[in-house]
Amino acid sequence: MIRLDIFSDPVCPWCLIGKAHLDRALEAHADHPFVIAWHPFQLNPDMPPEGVEKRAYLAKRLGGEAKVDAIHDRLRQIAEEAGVAMDPDKPEMLPNTMNAHRMIHWAGIEGKQAAMVSALFRAYWRDGRDIGDSEELCDIAEEIGMDPVALARLLATDADIDDLRARDVDARKKGVTAVPTFLIAQQYVVSGAQPPEVWAQVIEELVAKSTESSEVESK
């Protein structure tokens, strides 16, 4: 098996699209060698804990309402082509995602990391839920079979915040400057929302190399 580390943020639309492309390639290659782990990367690490109003923030940052509309229209088109349910106008808030990353971390301990990542993307980009809100996060966790009461207690503390911040900083020091970023076998980097065809080629090459190695070892 080969480790595939994914650096991502739930409020990044390209991370959702990139995940959809990867998922499609994995479904088409049941023999893929990947063991996947998700890692924290905050696009807006200095975001206030309560978040900000999303559209006003983007308009100020991108240069006006018309620019936001153009980008959202483009995202809708790309998402539709990728088979992703996404409405960029649906989320009203742009949250601080530290607590969302904590939920992904805790879900990983229970073997539910992939389910949590999918649930957070779906909650934010399809349903417009505020994934910076602790109650909302606990509801999302309950939907994938995690204990909302225990998680509410954890969210009320600083549990694992320092560790996740350190991991985010470490990723930046190692060259991760944008997401999604995929690290294959702790050696090879794939950046951006690559199409399924790219992942199919990567998988086929890895499977071929593995087969060759097995044949050499058996001789």
Q: Would you mind finding the one in L58, L75 that is under 30 Å from V202 (Cβ atoms) and touching a helix residue (DSSP H, G or I) at 6+ places or on another chain (Cβ under 7 Å)?
A: L75
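Listed here are the residues, each with its yes/no results for (1) crowded, with 21+ Cβ neighbours inside 10 Å; (2) modelled with pLDDT of 95 or more; (3) among the polar types (S, T, N, Q); (4) within 8 Å of the chain's Cα centre (by Cα).
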{"position": "R3", "(1), (2), (3), (4)": "no, yes, no, no"}
{"position": "F7", "(1), (2), (3), (4)": "yes, yes, no, yes"}
{"position": "K19", "(1), (2), (3), (4)": "yes, yes, no, yes"}
{"position": "L22", "(1), (2), (3), (4)": "yes, yes, no, no"}
{"position": "A25", "(1), (2), (3), (4)": "yes, yes, no, no"}
{"position": "D31", "(1), (2), (3), (4)": "no, no, no, no"}
{"position": "I36", "(1), (2), (3), (4)": "no, yes, no, no"}
{"position": "P40", "(1), (2), (3), (4)": "yes, yes, no, no"}
Q. Can you find a residue in region 181-195 that is loosely packed, with under 13 Cβ neighbours inside 10 Å and either among the hydroxyl-bearing types (S, T, Y) or under 30 Å from V52 (Cα atoms) (or both)?
A. yes
Q. Within region 35-71, which residues are assigned to a strand (DSSP E or B) and without any contact (Cβ under 8 Å) to a residue 60 or more places away in the chain?
A. V35, V52, E53
Q. Can you tell me which residues in region 60-84 are of a type in the set (A, V, I, L, M), farther than 20 Å from L22 by Cβ and within 21 Å of the chain's Cα centre (by Cα)?
A. I71
(Q) Under 7 Å between Cβ atoms, which residue pairs at least 6 apart in sequence (or on different chains) link something in region 8-34 that is part of a helix (DSSP H, G or I) with a partner that is among the β-branched types (V, I, T)? (A) C15/V179; L16/V84; I17/I78; I17/V84; A20/V84; A25/I203
Q. If the Cβ limit is 8 Å and pairs must be 6+ apart or interchain, which residue in region 72-99 that is more than 27 Å from L155 (Cβ to Cβ) and without any contact (Cβ under 8 Å) to a residue 60 or more places away in the chain pairs with which residue that is among the aliphatic types (A, V, I, L, M) and assigned to a loop (DSSP other than H, G, I, E, B)?
A. R76/M86
Q: Would you tally the residues in region 173-185 being closer than 12 Å to H39 by Cβ and either in contact (Cβ under 8 Å) with a residue 60 or more places away in the chain or not charged (D, E, K, R) (or both)?
A: 6
Q. Which of the residues belonging to region 99-114 are of a type in the set (A, V, I, L, M, F, W, C) and buried (at least 17 other Cβ atoms within 10 Å of the Cβ)?
A. A100, M103, I104, W106, A107, A114
Q: Check V68, V117 and return the single one that is in contact with a Ser or Thr (Cβ under 8 Å, 6 or more places away or on another chain), surrounded by 21 or more Cβ atoms within 10 Å (Cβ to Cβ) and modelled with pLDDT of 95 or more.
A: V117
Q) Within region 164-177, can one find any residue that is among the polar types (S, T, N, Q), assigned to a loop (DSSP other than H, G, I, E, B), over 30 Å from D69 (Cβ atoms) and out of contact with any Pro (no Cβ under 7 Å at 6 or more places or on another chain)? A) no
Q: Provide a single number: the residues in region 129-163 that are surrounded by 15 or more Cβ atoms within 10 Å (Cβ to Cβ) and assigned to a loop (DSSP other than H, G, I, E, B).
A: 8
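The values are calculated or read from the model by the stated rules, or taken from the named source; none is laboratory data. Since the structure is predicted, the reported quantities are computational estimates derived from the model, not experimental observations. Positions of Cβ are generated from backbone atoms using ideal geometry, with glycine treated the same way; all protein chains shown enter the neighbour counts.
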